[in-house]
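A short write-up of the structure that comes next.
Values quoted throughout were computed directly from the atomic coordinates according to the rules given, and no laboratory measurement underlies them. None of the values given here were measured: they were computed from a predicted structure. Note that each Cβ is placed from the backbone with ideal geometry, even for glycine, and that neighbours are counted across all protein chains shown.
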Amino acid sequence: MINVKDLSSRHRQTLDDIMTEPPKVGVKWEDITAFIKATGGTIKKNDGSRRKFQIGKTKFHTHVPHPQSTIDRGALAGLREWLVNSVGVNYE
C-alpha cells in the first residue's frame, strides 16, 4: 500500500493528476515514471514502446507515449484503476 503522506510534494502532485476524474490532459510520462519509482515500483521495458509497471506483486502494462511526452487519458484512467484496485492506494 502506498502511504500518500510519505510522498514528496512533486509525487503527491503527480498522484493528484492521476486521480483526477475525468482524467487530466497533459500529464507528463516522466512524472508518472518518477512516481512509480518513488513508491518502490519498477519499470521494465518490453517490446518496442511497451512498459510494465510493477509495485509489489501487481503489474500494469502500458505504452510510452510518442511523439508527444504526455500520457493519454485512457492510459491514465487505467493507471488510476490499477493503483486503487490492485496496489491499494487510499486516496481521499
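Assorted remarks:
- For the range 31-43, Karplus couplings with θ = phi - 60° (6.51, -1.76, 1.60), whole Hz, Gly/Pro x: 5, 5, 5, 5, 5, 4, 5, 5, 8, x, x, 10, 10
- Loop-located trypsin sites (Lys or Arg not before Pro) in the chain (DSSP state not H, G, I, E or B) with no more than 12 neighbouring Cβ atoms inside 10 Å: Lys57.
- Under Karplus coefficients 6.51, -1.76 and 1.60, residue-wise ³J(HN,Hα) of the range 56-65 in Hz, glycine/proline x: x, 9, 8, 10, 9, 9, 8, 10, 5, x
- Net charge over other residues, Cβ less than 14 angstrom from the Cβ of Thr70 (K, R count +1; D, E count -1): -1
- A simple count of charges around Asp31, restricted to other residues whose Cβ falls under 13 Å of its Cβ and scoring Lys, Arg +1 and Asp, Glu -1, yields +2.
- Straight-line cross-link partners of Lys52 among the lysines, defined as a Cα under 25 Å from its Cα and at least 8 positions apart when in the same chain: Lys24, Lys28, Lys37, Lys44.
- Gyration tensor verdict on the range 8-80 (Cα atoms; rounded if a/c is under 1.5, prolate if a/b is larger than b/c, oblate otherwise): oblate
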